[in-house]
Amino acid sequence: MVIGIVGATGEVGRTMIKVLEDFKIPVKKLKLFASNKSKGKFLEFNGKKIKVEELTEKSMKEKYDFLLFSAGKNISTHFAQIAANHGNIVIDNSSAFRMVPNIPLVVPEINGHLVKNYKGIIANPNCSTIQMVLSIHKIHEFLKIKEIYVSTYQAVSGAGHKALKEYLNQISGNNEKNVFPKQIAHNVIPVIGNILNDNFSEEEYKMINETKKILNDNSIKIYPTTVRVPVKYGHSESIIIRTEKKFKISQIKELLSKSENVIYTEDSTTPLDVEGKDIVYVSRLRKFDDYTFSIWNVADNIRVGAATNAIRILEVMRK
Ligand code: 2RA
């Protein structure tokens, strides 16, 4: 297969290369694209050095089996459309197309059927949405979820390579502040993305809107609070769920054990436990009443929340 990665030098782009290797995807030719300032760099794939090319309209009109995008909304809006218009399948990690009605928003373990025999653009959901819906979709299927109250504890790497560097610089005493509105080292910032007129953040609306689209159920009420924490990799989420049907704790455990790429554990998992892994770890299961329970989930936000989900979509389509 001929695969292209747009945004290859970013956190997610580099991890996409790693996941292609880890999953032993049969790539005959890998082309890497980035902005003018990153062109000419070399990145390694399966032991070979590949030169990063400048992203151009012309390069998007060539023929690929798959194009993976993770270069931000504006780049995707323009270049992913050109690539798709020239017959390419695009898996886009930006928010550009996620809420476009006829574009599938896919977590393969949940709605992978949407991309069978599909051509065009496929939207990869937001990282905090992916790990949540992976944890709860079987529970929704069998117990019908009415309400979700979720607080997130999101790693710095979710804001990109520059953010990670800023955090590490702050840790070593240099308190440069560009990416985040306030210092993130030794701190917690209850804002991810812009704050809108109703005082919700963009990230909170992503969790509300994307969850409904992926679970194909607009009746679910979702009450998110998304927070940035001083952690390098690994988003954590505290989720309280109210179901329509009565449940026993044993049923929740059974449904979690039936959820693909999810592991339920009595051991309270932390971000350091999950870095580099492709699984969502669920722990701290507690019952409040016959219709209400809570869980804690943790996953590598760059893998489960972006690169691995994109490549799992590719795998479903390839097979
Ligand atoms: C974040 N979920 O963590 C957003 C985008 N990756 O910053």
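The values are calculated or read from the model by the stated rules, or taken from the named source; none is laboratory data. Just so it is clear, the structure is predicted and the values come from calculations on it, not from any experiment. Cβ placement follows ideal geometry from the backbone for every residue including glycine, while neighbour counts extend to all protein chains displayed. We work out accessible area using only protein heavy atoms, side chains counted, and drop any ligands, DNA or RNA first. Shrake-Rupley method; radii C 1.70, N 1.55, O 1.52, S 1.80 Å.
Table for the structure above
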{"quantity": "Pairwise centroid distance, computed over Cα atoms, of the range 143-216 with the range 247-269, Å", "calculated": "26 Å"}
{"quantity": "1.4 Å probe accessible area per residue over the range 170-319, in Å²", "calculated": "48 Å²"}
{"quantity": "Cα centroid of the range 56-94 to Cα centroid of the range 279-308, whole Å", "calculated": "32 Å"}
{"quantity": "Two-site label geometry, GLU147 and GLU44: point separation in nm, points 7 Å out along Cα→Cβ", "calculated": "5.2 nm"}
{"quantity": "Within straight-line cross-link reach of LYS206, lysines at Cα separation under 19 Å, skipping those fewer than 8 residues along the same chain", "calculated": "LYS73, LYS146, LYS221"}
{"quantity": "Sequence ranges 232-244, 56-68, 37-49, ranked by mean other-Cβ count within 10 angstrom, highest first", "calculated": "232-244, 56-68, 37-49"}
{"quantity": "Eligible lysines near LYS28 by straight Cα distance, threshold 25 Å, same-chain separation 8 or greater", "calculated": "LYS18, LYS39, LYS41, LYS48, LYS49, LYS51, LYS58, LYS61, LYS63, LYS116, LYS119, LYS319"}
{"quantity": "When the convex hull of its Cα atoms is projected in every direction, mean area for the range 192-319 (nm²)", "calculated": "9.5 nm²"}
{"quantity": "Helical segments meeting 18 Å axial Cα length and Kyte-Doolittle -0.5 threshold in the chain (DSSP H)", "calculated": "127-143"}
{"quantity": "Percent accessible area from carbon and sulfur atoms, the chain, protein chains only, probe 1.4 Å", "calculated": "51 percent"}
{"quantity": "Calculated Rg and Dmax of the chain using C-alpha coordinates, Å", "calculated": "19.4, 59"}
{"quantity": "Packing rank of 169-177, 259-267, where each peptide gets the mean count of other beta carbons within 10 Å, highest leading", "calculated": "259-267, 169-177"}
{"quantity": "Expected 222 nm ellipticity per residue - DSSP helices of 4 or more, -39500 (n - 2.57), all of the chain, to 500", "calculated": "-8000 deg cm²/dmol"}
